[in-house]
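Chemist: My questions all concern the structure below.
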Amino acid sequence: MSLPQGLTLPSSLNAGVNLVCKLHKSIYGLKQSSRQWYNKLSDALLQEGFKQSQADYTLFTRGFDDTFIALLVYVDDIIITGPNISILHQLQESLHLKFILKALRDLKYFPGFEIARAEEGLFLCQRKYTLQLLEDSGFMGSKPSKTPMDPKLKLDNEHGEALDNPSHYRQLVGKLLYLTLSRPDITYAVNSLSQFMANPRTTHLQAVNHLLRYIKGNPGQGLLYSKSSSLHLCGFSDSDWASCPVTRRSTTGFCIFLGDCLISWRTKKQPTISKSSAEAEYRAIATTTSEITWLQYLLHDFDIPQPHPAFIYCDNHSAIHIANNPTFHERTKHIELDCHFIRDKINNNTVRLISISSALQLADAFTKPLTSPIMGTHISKMSVYDIHSPS
């Protein structure tokens with residue numbers, strides 16, 4: 001047995017005997033240290049009167065109205081917010097008695113994110129992270145492209161030659177995945193490129209380079225959260241039937257707004273093959289409803305009531321009829337039962353499905369590559385701006 005440097009065995013013990021060290025205290029750097037730190041912090045917050053959210057275990061809330069405090073934990077970083085600054089200072093002093101804390105005052109930077117405040121509201125972007133990505137990949141001086149992905153491009157596992165250094169491709173896609181947290185416009189492109197991580201080819205690398213040139217055109221693009229926005233939930237749900245040329249599975253896309261502010265979006269390949277476009281749309285609605293249900297729980301923790309049902313906009317009439325009319329059994333008996341919970345949400349007035357024109361379907365940006373004019377129109381409606389670009 002080898003001992004840590006500076007430790008020796010008592011002379012009374014035989015060095016040839018197999019011994020085991022018993023760890024009495026978690027040490028920073030061990031695998032269990034983060035879990036022990038979180039348990040200790042959560043116990044201290046519960047003693048302070050906080051309630052732990054059941055929708056997100058890293059969120060703790062306390063009080064209401066002027067005394068409300070929300071505390072969010074990310075590894076060893078903590079965000080504290082509330083309307084009363086004196087109460088926040090009291091909480092910091094109380095926690096400082098139990099932990100060694102370093103208060104950084106107003107939130108300006110959070111792992112990879114930059115936060116700017118103005119009279120209109122709060123702006124969130126990843127400009128510094130984006131510029132570093134472009135510099136590391138050698139695209140700082142490249143000519144910008146107008147779209148994240150060529151609308152005519154269909155990626156597969158056959159065209160192109162296998163890359164000699166696939167790790168470079170994987171590193172780029174991994175960095176781009178983190179960038180999608182503030183860039184909904186590149187979500188579909190990054191999702192498509194991440195499906196070829198196992199065996200990337202030259203065509204896939206060309207698509208990544210095209211995406212980097214698009215990012216070069218607006219590195220400071222981010223999301224604006226307006227102070228004057230309402231607090232009503234609404235979402236756009238869409239699917240692209242059998243869009244994957246490899247598996248023939250459909251793609252689900254949705255974006256959810258709190259008033260005018262985009263708060264959640266996703267592009268995801270559906271787990272099974274849909275027999276019709278209506279079925280693919282129905283599955284997309286179910287996925288959107290799941291996300292909205294989770295957000296409703298989260299808003300409840302923030303003491304934000306939702307007296308009205310959340311609106312889900314869909315451009316497929318058949319899918320809306322299936323969700324509203326349970327007598328469509330013959331068309332839906334092959335669909336998993338968990339998809340049908342959308343009917344319960346409609347019956348208890350939690351959500352409401354609303355038909356919308358395909359031209360106004362914002363979720364299109366998360367199911368297929370769009371042309372530059374359509375992409376620009378959709379993105380502008382999502383409160384996506386670049387405050388660093390000249391007006």
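Chemist: Rounded, prolate or oblate: pick one for the stretch 122-234, where a ≥ b ≥ c are the square roots of the eigenvalues of its C-alpha gyration tensor, a/c under 1.5 means rounded, and failing that, prolate if a/b is larger than b/c, else oblate. Mind dumping the intermediate values first?
Modeler: On the way: a/c = 2.26, a/b = 1.73, b/c = 1.31.
Prolate.
Chemist: Can you give me the long-range amide H partners of Cys255? Hydrogens built in the peptide plane at 1.01 Å from N, cutoff under 5 Å, separation of 5 or more residues or another chain.
Modeler: Those lying under 5 Å, H to H, from Cys255 are Phe236.
Chemist: For the stretch 70-144, what are Rg and Dmax over the alpha carbons, in angstrom?
Modeler: 17.0, 54
Chemist: Please find, in a Gaussian network model of the chain (springs between Cα atoms separated by less than 10 Å), the residue of Asp301, Asp185, Asp344 whose mean-square fluctuation is greatest.
Modeler: Greatest mean-square fluctuation among the candidates belongs to Asp344.
Chemist: If you bin the C-alpha pair distances of the stretch 189-260 every 5 Å from 0, what whole percents do you get?
Modeler: 3, 11, 14, 15, 18, 17, 12, 6, 3, 1
Chemist: Please compute the length gained on full extension between Lys40 and Ile273, using 0.36 nm multiplied by the number of residues separating them and subtracting their Cα-Cα distance. Intermediate results must be reported in sequence, preceding the final value.
Modeler: Numbers: separation 233, 0.36 × 233 = 83.88 nm, distance 4.57 nm.
Roughly 79.3 nm would be gained on extension.
Chemist: Could you work out how far apart the two model spin labels at Asn209 and Leu131 are, taking each label as a point 7 Å from the Cα in the direction of the beta carbon, and quote it in nm?
Modeler: 2.6
Chemist: May I ask you to evaluate 6.51 cos²θ - 1.76 cosθ + 1.60, the Karplus curve with θ = phi - 60°, for each residue of the stretch 80-87 and list the ³J(HN,Hα) values in order in whole Hz, giving x for glycine and proline?
Modeler: 10, 9, x, x, 10, 5, 5, 5
Chemist: Any idea what % of Cα-Cα pairs in the stretch 110-176 are farther than 19 Å? Write out the running numbers ahead of the final one.
Modeler: Numbers: 1255 of 2211 pairs.
Cα-Cα pairs of the stretch 110-176 separated by over 19 Å account for 57 percent.
Chemist: Here's another thing I want to ask about it. Over 32 Å between C-alpha atoms is what I'm after, so list which of Lys102/Lys175; Lys102/Lys216; Lys143/Lys175 land there. Present the calculation step by step, with values, prior to reporting the outcome.
Modeler: Numbers: Lys102/Lys175 28 Å; Lys102/Lys216 35 Å; Lys143/Lys175 21 Å.
Listed pairs above 32 Å: Lys102/Lys216.
Chemist: On to the next question. Leaving out same-chain residues fewer than 8 places away, which aspartates and glutamates sit with a Cα under 15 Å from that of Lys40?
Modeler: Counting by Cα, and skipping residues close in sequence, Lys40 has these aspartates and glutamates nearby: Glu48, Asp76, Asp77.
Chemist: Here is a further query. By a straight-distance test (C-alpha under 18 Å), which aspartates and glutamates pair with Lys269 as possible cross-link partners, with residues fewer than eight away in the same chain excluded?
Modeler: List returned: Asp156, Asp185, Asp238, Asp240, Glu279, Glu281, Glu291, Glu336, Asp338, Asp364.
Chemist: Quantify how much of the Cα-Cα distance distribution of the chain extends past 29 Å, in percent. Mind dumping the intermediate values first?
Modeler: Numbers: 42221 of 76245 pairs.
For the chain, the fraction of Cα-Cα distances above 29 Å is 55 percent.
Chemist: Out of every Cα pair in the stretch 264-391, what percent are spaced more than 21 Å from each other?
Modeler: Numbers: 3918 of 8128 pairs.
Above the 21 Å cut-off, the stretch 264-391 has 48 percent of its Cα pairs.
Chemist: State in Å² the accessible area per residue of the chain; use a 1.4 Å probe, count heavy atoms of protein chains only, and round to the nearest integer. Mind showing how you got there, number by number?
Modeler: Working: 22290 Å² over 391 residues.
Normalised by residue count, the accessible surface of the chain is 57 Å².
Chemist: Would you calculate the volume per residue, in Å³, of the smallest convex hull containing every Cα atom of the stretch 32-176? Don't skip to the answer; put the middle values down first.
Modeler: Working: hull volume 33.8 nm³, N = 145.
So the per-residue Cα hull volume is 233 Å³.
Chemist: How large is the direction-averaged shadow of the alpha-carbon convex hull of the stretch 60-110, in nm²? Show your work: numbers first, answer last.
Modeler: Values: hull surface 14.6 nm².
Mean shadow area of the hull around the Cα atoms is 3.7 nm².
Chemist: Next question. Please report the carbon-and-sulfur percent of the accessible area for the stretch 175-223; probe 1.4 Å, protein heavy atoms only, DNA, RNA and ligands left out. Let's see the in-between values first.
Modeler: On the way: 770 of 1470 Å².
Answer for the stretch 175-223: carbon and sulfur cover 52 percent of the accessible area.
Chemist: What number, in percent, do you get for the relative contact order of the chain if the mean sequence gap of Cα pairs under 8 Å and at least 6 apart is divided by its residue count? Please report the intermediate quantities before stating the final value.
Modeler: Details: 575 pairs, mean separation 57.7, N = 391.
With pairs under 8 Å counted, the relative contact order is 15 percent.
Chemist: Also, quick follow-up: Any idea what Rg and Dmax come out to for the stretch 259-311 if you just take the C-alpha atoms, in Å?
Modeler: Values for the stretch 259-311 (Cα only, Rg and Dmax): 13.8, 42 Å.
Chemist: Please compute the length gained on full extension between Met140 and Asp156, using 0.36 nm multiplied by the number of residues separating them and subtracting their Cα-Cα distance. Working shown, then result.
Modeler: On the way: separation 16, 0.36 × 16 = 5.76 nm, distance 2.86 nm.
Contour length minus Cα-Cα distance gives 2.9 nm.
Chemist: Between Thr202 and Cys21, what is 0.36 nm times their sequence separation minus the Cα-Cα distance? Round to one decimal in nm.
Modeler: Full-extension gain reported as 60.0 nm.
Chemist: Please list the equivalent ellipsoid semi-axes of the stretch 188-336, computed as the square roots of five times the alpha-carbon gyration tensor eigenvalues, in descending order and whole angstrom.
Modeler: Numbers: eigenvalues 165, 137, 25 Å².
They are 29, 26, 11 Å, listed largest first.
Chemist: On to the next question. Need the list of lysines near Lys227 for cross-linking: C-alpha distance under 22 angstrom, and skip anything on the same chain fewer than eight residues off.
Modeler: Correct list for Lys227: Lys108, Lys381.
The values are calculated or read from the model by the stated rules, or taken from the named source; none is laboratory data. All of these numbers come straight from a predicted model, not from anything done at the bench. Here the Cβ is made from the backbone with ideal geometry for all residues, glycine too, and neighbour counts use every protein chain on show. For accessibility, only protein heavy atoms count, side chains too; no ligands or nucleic acids. Shrake-Rupley method; radii C 1.70, N 1.55, O 1.52, S 1.80 Å.
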